[in-house]
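Structure first, commentary second.
The values are calculated or read from the model by the stated rules, or taken from the named source; none is laboratory data. Everything numeric in this text was worked out from a predicted model, so none of it was measured. Note that we place each Cβ from the backbone using ideal geometry, even for glycine, and neighbour counts take in every protein chain shown.
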Ligand code: UDP
């Protein structure tokens, strides 16, 4: 069996891993992996920064967090994972606050010292005007949990900067990504496993793509003529571009970073969010703090990245599917078209291929399921 993998990122790497598992080895599979970029790893790509000797995640920090045993086992098969807890801070004109919003944040913003029971009563009162059983969008959902003040200080500006649209246009599901707790737990994630690989993520891709049955071609853009040589094509680029935007463009947002060097430590934390509109950027990350197992800066300089967001133009790398109603209607048309007999060899996979806001662990789980499916169908 010959498979063409379009995209050398996590979706295809994890799919190759699962297809290569022993239980599937009745038939040998040959993979040609192509990527238009000059490096492997997609947006998980990491490299050591020459100037400071710290590992940087070129397309933004990827903190692995999951409840999935399958995903955790997969990542540990290739990488040395170190425990990492993401404790974000929020900076606003009013000061520095604990994030995600927790009892500390609420006491800080309102200048109070409430215990849990008092805070429950307080939040009940301030959210009463916004309570609804049927939140229609991101803004409704957030207001009903947080009330007006917390929403304005920590959510509205950040979300508008990050997504480039009014928060009332975003799906309610985005709100579920951000925990809200009436206790002092300031761990950004609610997951059983949370960690960062000591050697960076690129090592995982190097291992998977160096398999004897994998042939890798970087700097190679997919073209329709390539498909005829293969039994199956796993396409992890954007589905709207694949179909030449026939039903219009799906919207994505992209992020970009300004690189800065500070003499010594800069901000003192891995991530600080700038949650109000007075600053044009969304957050700053300082990679040294993603390696807490190191005690000192390897060199005396510290690199930090200021992150900006914008809507994706054709020449930009798409990062996040926005999934407004109009996008989902278009997606539906593309997905229908993809089911036509003519495209029966094609599988659209990963965050861009499926136009879904998938975290790393969800991509790995999707690959595990897809591998089962491919194997059952090919016999
Ligand atoms: N969010 C916010 N303020 C913050 C952090 C997050 O308003 O300080 C909102 C924002 O809309 C964001 C969503 O919560 O898109 C989910 O946050 P998450 O950190 O999961 O976004 P990611 O970094 O994965 O894009």
Residues satisfying the stated conditions in the range 267-310, i.e. in contact with a strand residue (DSSP E or B) (Cβ under 7 Å, 6 or more places away or on another chain) and part of a loop (DSSP other than H, G, I, E, B): 267, 269, 270, 275, 276, 280, 281, 282, 286, 291, 293, 300
Residue ID - farthest from the chain's Cα centre (by Cα), chosen from residues in the range 186-198 that are surrounded by fewer than 15 Cβ atoms within 10 Å (Cβ to Cβ) and in contact (Cβ under 8 Å) with a residue 12 or more places away in the chain: 198
Matching option when the condition is buried (at least 20 other Cβ atoms within 10 Å of the Cβ), at pLDDT 95 or above and in a loop (DSSP other than H, G, I, E, B), among 16, 40: 40
Qualifying residue in the range 235-257 (condition: buried (at least 17 other Cβ atoms within 10 Å of the Cβ), more than 16 Å from the ligand (Cβ to nearest atom) and assigned to a strand (DSSP E or B)): yes
Residue satisfying all of: in the range 161-180; in a helix (DSSP H, G or I) and surrounded by 17 or more Cβ atoms within 10 Å (Cβ to Cβ); farthest from the ligand (Cβ to nearest atom) among these: 161
Evaluation of residue 53 against (1) touching a strand residue (DSSP E or B) at 6+ places or on another chain (Cβ under 8 Å); (2) assigned to a loop (DSSP other than H, G, I, E, B) (one fails), failing number: (1)
Selection from the range 126-155 of residues that are closer than 21 Å to residue 184 by Cβ and more than 16 Å from the ligand (Cβ to nearest atom): 126, 127
Residues located in the range 199-230, provided they are surrounded by 13 or more Cβ atoms within 10 Å (Cβ to Cβ), in a helix (DSSP H, G or I) and over 23 Å from the mean Cα position of the chain (by Cα): 226, 227
Selection from the range 141-159 of residues that are under 20 Å from residue 283 (Cβ atoms) and surrounded by fewer than 18 Cβ atoms within 10 Å (Cβ to Cβ): 152
Residue 292, sole failed condition from (1) modelled with pLDDT of 95 or more; (2) more than 18 Å from the chain's Cα centre (by Cα): (1)
Scope the range 96-118; condition closer than 25 Å to residue 274 by Cα, more than 16 Å from the ligand (Cβ to nearest atom) and surrounded by 16 or more Cβ atoms within 10 Å (Cβ to Cβ); matching residues: 103, 107
